[in-house]
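What follows is a set of notes on a single structure, which appears directly below.
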Amino acid sequence: MDKKPKFFPFEHSLEKSFTMTIPTFVDLQGFIVGKKFIVKEVAVLRKGAILSHYIFTCPMSWNFLTKSEKYCASWLSAYHHGLQWEDGMIPYNMVKRLITMAVIGAEENDDNKSLVYVKGREKRQWLADILDSDDLTIETLDADYEDIDSLRNLNITNTVRCGNHVKNCALQNVFKICNWWSQCQKRNVSSLK
């Protein structure tokens with residue numbers, strides 16, 4: 001009769017101490033109008049499994065933009081994210097509500113502050129302003145992890161793009177940063193063994 005080896009009582013608690021909370025990852029793409037960020041696309045990956053992705057309509061007609069704003073928007077469309085000013089199906093007046101629901105979630109009753117990671121200080125500030133919640137800690141990956149590369153250079157394995165554009169897709173970016181963060185955590189746990 002084979003007996004299973006008996007474990008010391010502390011082994012179970014040690015095993016539990018390596019359980020980690022997966023932060024929420026957010027990426028945004030958009031335009032600058034009147035020195036203000038206009039979000040066009042947002043992707044949120046919460047708890048490593050709850051994915052939200054939205055492309056919003058424009059908040060105003062293209063005709064209301066100044067010549068300089070049109071030039072800037074056209075440059076971003078052509079050379080950065082590929083999204084057009086007129087793209088999107090979700091009304092712009094839903095931005096705050098949908099992003100808040102995606103990041104915080106409707107069912108959250110947790111007493112702990114949720115950790116949200118975004119890449120870039122400007123995105124962090126915009127997200128903090130729109131969410132306006134004391135229950136969140138919004139950090140830039142760049143601040144907590146000095147070795148993170150640019151989004152463009154992160155591994156695209158096990159990622160998807162939304163199909164509306166070829167480069168700098170917020171949907172693909174949240175998978176990239178989540179995968180990068182997960183690999184970092186695995187390396188950290190391995191170094192403890």
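The values are calculated or read from the model by the stated rules, or taken from the named source; none is laboratory data. Small disclaimer: the values here were computed from a predicted structure and weren't measured. FYI the Cβ positions are ideal-geometry reconstructions off the backbone, even for glycines, and counts take in every protein chain you see.
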Completion exercise
When every residue in the stretch 181-193 that is hydrophobic (A, V, I, L, M, F, W, C) and modelled with pLDDT under 90 is compared, the one surrounded by the fewest Cβ atoms within 10 Å (Cβ to Cβ) is Leu192
Problem - Ile130 being under 20 Å from Leu98 (Cβ atoms), more than 13 Å from the chain's Cα centre (by Cα) and aliphatic (A, V, I, L, M) - result: yes
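Would you pick out the residues in the stretch 61-77 that are surrounded by 12 or more Cβ atoms within 10 Å (Cβ to Cβ) and of a type outside the set (Lys, Arg)?
Restricting attention to the stretch 61-77, the residues satisfying the condition of being surrounded by 12 or more Cβ atoms within 10 Å (Cβ to Cβ) are 62, 65, 69-70, 72-74, 76-77.
Matches in the stretch 61-77: Trp62, Leu65, Glu69, Cys72, Ala73, Ser74, Leu76, Ser77.
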Exercise for the section: Name every residue in the stretch 121-161 that is surrounded by 15 or more Cβ atoms within 10 Å (Cβ to Cβ), outside any helix (DSSP H, G or I) and not hydroxyl-bearing (Ser, Thr, Tyr), in order of residue number. Expected result: Leu136, Ile138, Glu139, Ile148, Leu154, Arg161
Practice task
May I ask you to verify whether Ala102 is within 19 Å of Ser52 (Cβ to Cβ), surrounded by 13 or more Cβ atoms within 10 Å (Cβ to Cβ), free of Cβ contacts under 8 Å to residues at least 12 places away in the same chain and out of contact with any helix residue (DSSP H, G or I) (no Cβ under 9 Å at 6 or more places or on another chain)?
Solution key: no
